[in-house]
Amino acid sequence: MKAFTQHRGLVGPMDRANVDTDMIIPKQFLKSIKRSGFGPNLFDELRYLDHGEPGQDCADRPLNPDFALNKPRYRGASILLARKNFGCGSSREHAPWALEDYGFKVVIAPSYADIFYNNCFKNGVLPVILTEDEVDILFLELEATEGYELDVNLASQTVTSDSRQVFNFSLDQFRKQCLLTGLDEIGLTLIQADKIRQYEVEREKAHPWVYGAIK
Amino acid sequence: MAARTLYDKLWDSHLVNENDDGSSLLYIDRHVLHEVTSPQAFEGLRIAGRGPWRLDTNIATPDHNISTDRSEREAGVSGIPDEISRIQVQTLDDNCDHFGIKEFKMNEMGQGIVHVMGPELGATMPGMTVVCGDSHTATHGALACLAHGIGTSEVEHVLATQCLVSKKMKNMRVSVEGAVGLGVTPKDVVLAIIGKIGTAGGSGHAIEFSGSVFRDMSVEGRMTVCNMAIEAGARVGMVAVDEKTITYCKGREFVPKGDLWHQAVSYWQTLVSDDNAFFDIEVELHANDIVPQVTWGTSPEMVAPVTALVPRPEDQVNKERRKGVERALDYMGLESGTPIASIAVDRVFIGSCTNSRIEDMREAAQVAKGRQVASSIKQVLIVPGSQMVKAQAEAEGLDKIFIAAGMEWREPGCSMCLAMNADKLGDGEHCASTSNRNFEGRQGKGGRTHLMSPAMAAAAAVAGHIVDVRHFLSESMTTGVNS
């Protein structure tokens, strides 16, 4: 798993609520057996004027000039500023894979769908939760400031703007530690293999029908 | 011991360890795999030199991107015309063969949409933890399972360790009391719930559905309701065990028999929330208030009774919501004030993990029987949820009713619910759909989805536009479609 400690970068806007994972990465791009290469199709239906299919060279496709992230001032954005319930819908991990592959390291929003939020941490993308009022402030500053950057620090759990305004965010300690260190979660769980085996022995005694039927 | 909810009991009985950092290691009884979210997980196992923790907890089937066309299906995996779909299905077969995981292959009896297949085979049983790389896994909660969707990294984690690192959710109870009227189905009940609590109303919570409406509802109907918990933001939806649950499980392929059956049943009967158990959020609806529901917008919470008008953005007090309604109406090509029961439909889709079980097929057939699809309709797809549903429907002659009405009877799969295969909407087309998501582009770029029940979708196919199915039912005076 990729680690995340601190990131400073250009901010790009996604100014609508309930952005779903079909919007983040449309289903035709899920037909891949790889984890990489989804970036050119991030927000595909909003970003391009034509219909996208896997395997195209996206460099030749007509861009939607009205889509914010296509505007020159947001090119190279690595922090996505979004609205509430970001990432709702499907459990596809292709959504954080696409965000990460595009170059986003951080998403900032007032709330996230549970599965998407969880998936971000597995891929070195930090989903920051700020209040709706704080997100409103950031949207206003972003609109008013060309080249608007933010500094996001996971250890101190802060988002800092160039005007030295500091926003604190909270998150679970276990998620924080995993992301800070980039530890192999499966390896960590397997340290407890004896406990898992012991659980299974007791379970098989109490609920034997759980095992053995599927073969 | 303090009074516990059903969710508390399921959580407690699967705790392997409570870690120092506030997380818990939760044991997973059943892991259901499909072709789209598993290949990267198997690849991860291979790269790390790991294998599955055990085999008899896993079950797999292809469903998301396979063709529902009979001749294409008969051509087998090598005949799948779309190369990348073929690679995905072949990769699932190869991975299951390589690691020894039980798979119901594309054309085998038992294959079906993951959330139809698991319960109908008895692979998922009450009291189990069930996960799958698909957000509609909550469906299995209708059997009092703790079931939820996971991402691909977690698919790999469960394969390798039989556990998930989890954090306990909060408890939410949605109660619907009373009895629903003729023509009001489980789909209408869950759409009404989503309309009330919103698409993020259940975030961070496990929802238990309770009250007389769910007690009276069939187990398949409960699956329709639990299936859409995620559309209300909740990863988990559940209904407590009762006699219907036990009757449903009896005799299914992987369910125990003899003494073991009796032992299981006596445990399953404890899987109810204790009196006085604490719920962080309680929501109540009344069955009398629920009429057939239809979505008019691009989020499942944008739903209204079929008798209503398309809403006006200016009636929204919240600025962001107003913008959302404006954008949705623009995408849907709808004018405020239009009666919902007049919106013309181009295609109809009856299927998906929400509504493709035998009762859904019967519900749609009851409306289609002796009627004809309107001439303005381009296509009506009837896609059974599994090979077993298909066989049962054909044994009952339902396929003939659909075909006589001018509808297409297809092979089992996810089909136009997410349009990963050839079943999709054209730009600007309206669809009466029994699926679960009306997101922009979900059923095809520019496609406009109206979610509704199978009975309502069949009625729309006949009328050529959205229509209140209750007119059809009183006309033909058949039995109610409410379960």
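All of the numbers you see were taken from the coordinates with simple rules; none came from a lab. All figures in this text were calculated on a predicted structure; none of them were measured in a lab. As a convention, Cβ positions derive from the backbone with ideal geometry for all residues, glycine included, and neighbour counts pool all protein chains shown.
If you count, for every residue in B:21-30, the Cβ atoms of partner chains within 10 Å of its Cβ, what is the mean?
Per residue, the number of nearby Cβ atoms from other chains is 4 on average.
Can you pull a Stokes-Einstein diffusion coefficient for the stretch A:46-172 at 10 °C (1.306 mPa s), Rh from Kirkwood over Cα pairs, as a whole number of µm²/s?
So the translational diffusion coefficient is about 101 µm²/s.
What FRET efficiency would be calculated for the residue pair B:T307, A:R16, taking the C-beta separation as r and a Förster radius of 35 Å, to the nearest 0.05?
Using R0 = 35 Å, I get an efficiency of 0.75.
If R₀ is 60 angstrom, what is the calculated FRET efficiency for the pair A:Q165 and B:M109, using the beta carbon separation as r and rounding to 0.05?
So, using R0 = 60 Å, E works out to roughly 0.45.
Please sort A:40-47, B:104-111 by packing, taking for each peptide the average over its residues of neighbouring beta carbons within 10 angstrom, highest first.
A:40-47, B:104-111
Across the residues of B:129-142, average count of Cβ atoms on other protein chains within 10 Å?
Across B:129-142, the average partner-chain Cβ count within 10 Å equals 2.
If you bin every alpha carbon distance in the stretch B:1-107 into 5 Å steps from zero, what whole percent lands in each bin?
2, 10, 17, 16, 14, 12, 10, 7, 6, 3, 1, 1
Taking Cα pairs under 8 Å and at least six residues apart, what relative contact order does chain B come out at, in percent?
Over chain B, the number comes to 18 percent.
Using the Kyte-Doolittle scale, find the helices of chain A whose mean hydropathy is at least -0.5 and whose Cα atoms extend 15 Å or more along the helix's long axis, counting only whole DSSP H runs.
Answer set is A:132-144.
Given H placed 1.01 Å from N in the peptide plane, which residues other than close sequence neighbours of B:N17 have an amide H under 5 Å from its amide H?
B:L25
Just the number: Rg to Rh for the stretch B:52-162, Cα atoms, Kirkwood Rh, two decimals.
Radius of gyration over Kirkwood radius for the stretch B:52-162 works out to 0.97.
So in the stretch B:1-289, what percent of DSSP beta bridges are antiparallel if you round to the nearest 5? Display every interim value, and only then the final one.
Working: 7 of 34 bridges.
The antiparallel fraction comes to roughly 20 percent.
Defining a contact as two alpha carbons under 8 Å apart and six or more residues distant in sequence, what relative contact order in percent does the stretch B:390-471 show?
Values: 106 pairs, mean separation 16.1, N = 82.
Relative contact order for the stretch B:390-471 comes out at 20 percent.
Classify the stretch A:128-183 as rounded, prolate or oblate from the Cα gyration tensor: take a ≥ b ≥ c as the square roots of its eigenvalues, call it rounded if a/c is under 1.5, otherwise prolate when a/b beats b/c and oblate if not.
Prolate, because a/c is 1.5 or more and a/b exceeds b/c.
Which order results if A:Y199, B:Y267 are arranged by neighbouring Cβ count within 10 Å, fewest first?
Result, fewest neighbours first: B:Y267, A:Y199.
In the protein assembly as shown, if the dipole is taken from +1 on Lys/Arg beta carbons and -1 on Asp/Glu beta carbons about the Cα centre, which of B:Q366, A:S111, A:L63 is farthest to the positive end?
Farthest towards the positive pole: B:Q366.
Measuring from centroid to centroid over Cα atoms, what is the spacing of the stretch A:24-44 and the stretch B:258-308 in Å?
What the calculation gives is 34 Å, centre to centre.
Output the Kirkwood hydrodynamic radius of the protein assembly as shown, Cα pairs only, in Å rounded to one decimal. Don't skip to the answer; put the middle values down first.
Details: mean 1/r = 0.0393 Å⁻¹.
Evaluated over the protein assembly as shown, this radius sits at 25.4 Å.
How much of the DSSP bridge set in the protein assembly as shown is antiparallel, in percent, rounded to the nearest 5?
In the protein assembly as shown, DSSP labels about 35 percent of beta bridges as antiparallel.
What is the spin-label model distance, in nm, from B:S212 to B:H98 if the labels are put 7 Å beyond Cα along the C-beta direction?
Each label point is offset 7 Å from its Cα along the Cβ direction, giving 5.6 nm.
Where both residues lie in chain B, what percent of DSSP beta bridges are antiparallel, nearest 5?
For chain B, the DSSP antiparallel bridge percentage is about 25.
Enumerate the residues in the stretch A:15-59 having an amide nitrogen under 17 Å from the point lying 7 Å beyond the Cα of B:R322 toward its Cβ.
Under 17 Å, as judged by backbone N against the label point of B:R322, lie A:16-17 of the stretch A:15-59.
So for the pair B:E83, A:Q173, with labels modelled 7 Å out along Cα→Cβ, what separation do we get in nm?
5.3 nm
Where Rh is the Kirkwood radius over the Cα pairs of chain B, the temperature 37 °C and the viscosity 0.692 mPa s, what D in µm²/s does Stokes-Einstein return? Write out the running numbers ahead of the final one.
On the way: Rh = 22.6 Å.
Translational D for this selection: 145 µm²/s.
Direction-averaged shadow area of the convex hull around the Cα atoms of chain A, nm²?
In nm², the orientation-averaged hull projection of chain A is 14.7.
As a check on your grasp of the helix formula, calculate [θ] at 222 nm for chain B: sum -39500 (n - 2.57) over DSSP H runs of n ≥ 4, divide by the residue count, round to the nearest 500.
Value at 222 nm, helices only: -9500 deg cm²/dmol.
Work out Dmax and Rg for the stretch B:385-483 from the C-alpha atoms and quote the Rg first, both in angstrom.
Gyration radius and largest Cα-Cα distance of the stretch B:385-483: 14.5, 40 Å.
Could you work out the relative contact order of chain A? I mean the mean sequence separation of Cα pairs under 8 Å and 6+ apart, divided by the number of residues, in percent.
Normalised by residue count, the contact order of chain A is 26 percent.
Among A:K205, A:K105, A:K195, determine the one that fluctuates most according to a GNM of chain A built with springs between C-alpha atoms less than 10 Å apart.
Highest fluctuation of the listed residues: A:K205.
For B:R252, project a label point 7 Å along Cα to C-beta. Then give me every residue of the stretch B:139-153 with its amide nitrogen under 13 Å of that point.
Of the residues in the stretch B:139-153, B:139-146 have backbone N under 13 Å from the label point off B:R252.
By how many nm would the segment from B:S71 to B:I47 lengthen if fully extended, with 0.36 nm per residue of separation less the alpha-carbon distance?
Full-extension gain reported as 4.9 nm.
How well do other chains shield peptide B:203-212, expressed as the mean number of their Cβ atoms within 10 Å of each residue Cβ? Please list the in-between numbers first.
Values: counts 8, 3, 1, 0, 0, 0, 0, 0, 0, 0.
Averaged over the peptide's residues, the number is 1.
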